[in-house]
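Chemist: Can you read through this structure? Questions will come right after.
The values are calculated or read from the model by the stated rules, or taken from the named source; none is laboratory data. Predicted, not measured: the structure shown is a model, and the values here were computed from it. Backbone-built Cβ (ideal geometry, glycine too); neighbour counts: all protein chains shown.
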Amino acid sequence: MVTQSPTAPPPPAQPRPPSPRPDDHIPGTPGSGMVQLRLISMGLAALICAGIVYVAVTGKFSAVSDIFKDVTAIKAEVEIEEPPPPPPPPPDQPPPPPPPMMSPPNPNTDAPPTPTPLPVTLDPPPPPAPPAPPAPSVITNPRWLERPSGRDFADLYPRRAAQAEREGRVVLDCVVAANGRISCTVASEEPSGWGFGEASIRASRRFRIAPQLEDGRPSEGGRLRVPMRWQLGN
């Protein structure tokens, strides 16, 4: 039987040093100057970019600040127009002086008077005259319903004429009323002054005519003459 002796572990591997890169700065090496130039150019470029950004930013903010500073321009855009205030009342002024008194011109007595036209007024035409009433009919043949009797004539005979035995004649002008009575006036009296006219008027109050005439016409409004003869009895 073969026995094997234990083998010892191999020694650990040693790390290899890194190989230098071409752009690493190694003082005293020929590539260190290039690195410095590159850093300087990058710093200058950064400074230039920062300056450009600063100028741009400061110029923009200055323009914005100018807009906010110009308050009147902004107010002109947003200001609401308000109505103007009412005008103040006029100050108290003294009344104007009265016009100067002017004396009337002296009338020229040598000039002929100026004729003054008279106003012409036209009177309205008179109204038409009313139609004339129809002429009353003349009754020539009346129909008496009542007449004074002989006794009535004796009672109405004028006393002074009877004592003097005077006789007379009277004609009455009469108009017939609606009731048939007649209203009379003295048309003639012979002899006058003895009372025969007044006695005839009293006697006419005892006459009454029919309402219709023989021809059928109404007697109302008709005119007639009534003769009366006053005589003394034997």
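Chemist: Within the stretch 204-234, restricting attention to residues that are small (G, A, S) and out of contact with any strand residue (DSSP E or B) (no Cβ under 9 Å at 6 or more places or on another chain), which residue is modelled with the highest pLDDT?
Modeler: G216
Chemist: A further question on this structure: Looking for whichever is surrounded by 11 or more Cβ atoms within 10 Å (Cβ to Cβ) and either within 20 Å of R223 (Cβ to Cβ) or among the charged types (D, E, K, R) (or both) here; the options are G195, G180, G168. Which one fits?
Modeler: Exactly one residue qualifies, and that residue is G180.
Chemist: Here's something else I'd like to know. Hey, among the residues in the stretch 198-215 that are buried (at least 18 other Cβ atoms within 10 Å of the Cβ) and touching an Asp or Glu at 6+ places or on another chain (Cβ under 9 Å), which one's farthest from E167 (Cα to Cα)?
Modeler: I209
Chemist: Going through L156, L213 one at a time, which residue ends up being over 18 Å from S137 (Cβ atoms) and either under 60 Å from the mean Cα position of the chain (by Cα) or among the hydrophobic types (A, V, I, L, M, F, W, C) (or both)?
Modeler: Residue meeting the stated conditions: L156.
Chemist: Can we say I139 is more than 44 Å from the chain's Cα centre (by Cα), of a type in the set (A, V, I, L, M, F, W, C) and modelled with pLDDT under 65?
Modeler: When the stated conditions are applied, I139 does not pass them.
Chemist: Would you check if P218 is surrounded by fewer than 14 Cβ atoms within 10 Å (Cβ to Cβ) and without any contact (Cβ under 8 Å) to a residue 12 or more places away in the chain?
Modeler: yes
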